[in-house]
Amino acid sequence: MNKKLILDVAIVFIVVVVIVLLFVITFLLAQQEQVKLAEQRTKIIEQTERTNQDFRHIVTFEQCANAGGVILDLDPRSCTTEDGVTFTDWQGAGKFCIQVITPAKNPQTGEVRNFPTPCDVPRGWI
């Protein structure tokens, strides 16, 4: 009888240890997943901030093209940055514009930029 009791206690102890280990493993895996998600969110935020900062200084077609913007071969050519602002190549089309610093506001985002000419102000900006 004594041996059976010891055996039963040992089995219960082993079952309890296994259950505790399963809970610990599950908890650690959940924590690891949360850390991965937090790292992904941080990378996305950093990329977004870097993208926004990279394109705020662009105010001309040439700067857009040099920054790797998408160039459309229209007449006149245009270049669109990753943040959706489009610049037109007026000089490449043989058209010239007075050199006057022109402030303009993006009505969608509220962003204000100074452009070197009125011709460089993107469509839709005021």
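I'm spelling it out carefully: the read-out is Cα extents along the principal axes in Å, the candidates are (1) 105, 27, 19; (2) 60, 48, 29; (3) 65, 31, 30, and one was derived from this structure. Which label? Answer label, from the structure shown: (1). Each peptide among 107-117, 82-92 gets the average number of other Cβ atoms lying within 10 Å of its residues, and from highest to lowest they stand as 82-92, 107-117. Based on Cα contacts under 8 Å between residues 6+ apart, the chain shows a relative contact order of 16 percent. In this simple spin-label model, placing a label point 7 Å from the Cα along the Cα-to-Cβ direction at both Thr80 and Ile101 gives a separation of 3.0 nm.
So what's the angle, to the nearest 10 degrees on a 0 to 90 scale, between helix 2-56 and the longest Cα principal axis of the chain? On a 0 to 90 degree scale, this one is about 10. Among Ile6, Val20, Ile126, whose Cα lies farthest out toward the positive end of the dipole of the chain, if unit charges sit on the beta carbon of Lys, Arg (+1) and Asp, Glu (-1)? The listed residue farthest towards the positive side: Ile6. Descending by average beta-carbon neighbour count within 10 Å, the peptides 67-80, 28-41 line up as 67-80, 28-41, the highest first.
Using 0.36 nm per residue, how much length does the chain from Ile25 to Gln40 gain when fully extended, once their Cα-Cα distance is taken away?
Numbers: separation 15, 0.36 × 15 = 5.40 nm, distance 2.26 nm.
That pair, Ile25 and Gln40, stretches by 3.1 nm at full extension.
When the helices of the chain are scored as -39500 (n - 2.57) per DSSP H run of n ≥ 4 and the total is divided over every residue, the value at 222 nm lands at -17500 deg cm²/dmol.
A short reminder: the numbers here are calculations on the coordinates, not readings from a lab. Everything numeric here is computed off the predicted structure, so don't read it as measured data. Note that each Cβ is placed from the backbone with ideal geometry, even for glycine, and that neighbours are counted across all protein chains shown.
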